[in-house]
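Right, one structure below, let's go through it.
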Amino acid sequence: MKTSIIVPAYNEEKRIPVFLEELINYSKKNLDDFEILIVNDGSKDKTVDVVNEVIKKSKALKAKIIDYSPNKGKGHAVKTGVNDANGDVVVFIDADGSIKPEEIGVMVKYLKKYDVVIGNRKTASSKIDNPQPLSRRFASWCFNKYVSILLGVKVQDFLCGFKGFRKDVAKKVFSNIKTKRWTFDVEILNNSKKNNYTIFELPIEWAHKDDSKMRITDPIKIFFDVFKIRFL
């Protein structure tokens, strides 16, 4: 079974090299077949250069970078990767190293049984190495409750940057998404619910990383964007 791994990246020159090298090494040793698609979402730093350097150094013939400009948002980046993917299962994972590559192998196993598998940082079984600040955790709790009630999607952790799909499911749920930025996670899970796809929440090991790309006004916009999704 071939696994397509999508890594959306925006201004990640400092964090992505170590993570990408770990991802390539893990994939070579543990996955039957794979491809790694790094989608550069209009970065203004040297993300493209450092990614190409890691690929060359690691002799990663199954890794490539998809580059475009200007920045269009994480949702657009992941959708771009999904459109290019040709694996039997499609997984996307954050570039900051907050989630270890080893979690991919676990997710792939569950994708043999479920249509959609999403990382969950909220269960007692999850292992959090470096928790978010209390204010961020409270805001996250409020957000997840708000979305669950508004859309009727019973998920504990909507915004975890680690999700996997069977290929046909990925193509379907991403085919008509309207959200290009933060709330794309919510929209694809809402699309999954509408299509009656089975969703499994996978407890994961996760570590908070500093240098968030979220701006101070984004949470307000996110709440309104979620309300719009209800009527899509």
Item to check | Net charge over other residues, Cβ less than 12 angstrom from the Cβ of M107 (K, R count +1; D, E count -1) | outcome: +3
Checklist outcome for this item: Of the candidates F162, L151, I220, the farthest towards the positive dipole end of the chain (Lys/Arg Cβ +1, Asp/Glu Cβ -1, centred on the Cα centre) is L151
Checklist entry - Who wins for biggest fluctuation among R181, R15, R137 in a Gaussian network model of the chain, springs between alpha carbons below 10 Å? => result R137
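Return the calculated 222 nm mean residue ellipticity for the chain, to the nearest 500 deg cm²/dmol, obtained by summing -39500 (n - 2.57) across DSSP H runs with n ≥ 4 and dividing by the residue count.
-13000 deg cm²/dmol, from helical runs alone.
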Next on the checklist: Starting from 0.36 nm per residue, how many nanometres of slack lie between I128 and K109 once their C-alpha separation is accounted for?
Outcome noted: 4.6 nm
Checklist entry - In the neighborhood of K228, defined by Cβ-to-Cβ distances under 12 Å, what is the net charge if each Lys or Arg adds +1 and each Asp or Glu adds -1? => result +1
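Would you mind getting the accessible area per residue of the chain, heavy atoms of the protein chains only, 1.4 Å probe, in Å²?
About 50 Å² of surface per residue is accessible.
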Checklist entry - Want the number for I149 to K171: 0.36 nm per residue separation, take away the alpha-carbon distance, what's left? => result 5.3 nm
Checklist entry - For the stretch 1-132, which whole-number percentage of the solvent-accessible area (1.4 Å probe, protein heavy atoms only) is attributable to carbon and sulfur atoms? => result 47
Next on the checklist: Please give the charge dipole size of the stretch 19-128, origin at the Cα centre, charges +1 on K and R Cβ atoms and -1 on D and E Cβ atoms. Round to the nearest 20 debye.
Outcome noted: 220
Checklist entry - Just how large is the dipole of the chain about the Cα centre, in debye to the nearest 20, putting +1 at every Lys and Arg Cβ and -1 at every Asp and Glu Cβ? => result 660
Checklist entry - What FRET efficiency would be calculated for the residue pair E21, T198, taking the C-beta separation as r and a Förster radius of 35 Å, to the nearest 0.05? => result 0.55
Item to check | Difference of contour (0.36 nm per residue) and Cα-Cα distance, Y68 to K56 | outcome: 2.3 nm
Item to check | Modelled label reach - M1, point 7 Å along Cα→Cβ, the stretch 81-121 residues with backbone N closer than 14 Å | outcome: 87-91, 104-118
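The values are calculated or read from the model by the stated rules, or taken from the named source; none is laboratory data. These numbers come from a predicted model, not from an experiment. Glycine gets a Cβ as well: all are built from the backbone with ideal geometry, and neighbour counts include every protein chain shown. The area values use the complete protein model at the heavy-atom level, side chains included, leaving out ligands, DNA and RNA. Shrake-Rupley method; radii C 1.70, N 1.55, O 1.52, S 1.80 Å.
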